[in-house]
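FYI, it's all coordinate maths here, none of it is from the lab. What you see is a predicted model, and the numbers here were worked out from it, not measured in a lab. Neighbour counts run over all protein chains shown; Cβ positions are idealised from the backbone, glycine included.
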Amino acid sequence: MIQKNAYEYAISLLAKRDYCSFELIKKLKNKGYSLKDIENTVNRLSSDGVLRDNEIIINMIKKRLERHPEGRNRLILFLASKGIPEYVGEKYISSISPERIAGLFCKWFLEKHISFDKKLLYRSIHSRGLDEDEVQLVLSRIGNNESE
């Protein structure tokens, strides 16, 4: 079997789904391509307009929050698992308000759990890594829903 060069391999990956440059670099490194080949490939794809990091990272965060709402630090870890450096993740996540995160968490929690259970709420908050501001917002919103 003839091994594809880094560019061909990257194109085959991108034909299946979108990748940000950080994910693509991680994939190419794992495949064993040289740093020079990886750099040339990413530069070529970027100059061709194929890599759209901004759009892809924003969509990753949006989908994650809709399906699996969690706090900022957990989101940064999620992005890091995709090969996105912490400083890049922080840049994108800093624009998301605590109100938005709390609202998505409340919606998720109330849809998932038929009855209100304070212990379960606290466990969920803890496991999702919400920060202090987000926790206060969740408690005030769900606490108000408790009597409804």
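Specify the inter-centroid distance of the range 77-148 and the range 1-43, based on alpha-carbon positions, in whole Å.
About 35 Å separates the Cα centre of the range 77-148 from the one of the range 1-43.
Sorted by average packing, counted as other Cβ atoms within 10 angstrom per residue and highest first, what order do 28-38, 61-71 take? Don't skip to the answer; put the middle values down first.
Details: 28-38: 14.2, 61-71: 16.2.
Averaged packing, sorted descending, gives the order 61-71, 28-38.
Once the Cβ-Cβ distance between N59 and K107 is put in as r, and R0 is 25 Å, what FRET efficiency do you end up with, to the nearest 0.05?
Values: r = 19 Å, r/R0 = 0.77.
Calculated transfer efficiency: 0.85.
Given H placed 1.01 Å from N in the peptide plane, which residues other than close sequence neighbours of G71 have an amide H under 5 Å from its amide H?
For G71, whose amide H was placed from the backbone, the distant partners under 5 Å are G129, L130.
For a 30 Å ceiling on Cα separation, which of these pairs sit above it: K31/K107; K36/K91; K26/K112; K27/K91; K26/K107; K16/K91?
Among K31/K107; K36/K91; K26/K112; K27/K91; K26/K107; K16/K91, the Cα-Cα distance tops 30 Å for K31/K107; K26/K112; K26/K107.
Would you list, by chain and number, the aspartates and glutamates whose Cα falls below 20 Å from the Cα of K119, excluding same-chain residues fewer than 8 positions away?
E70, E111, D131, E132, D133, E134, E146, E148
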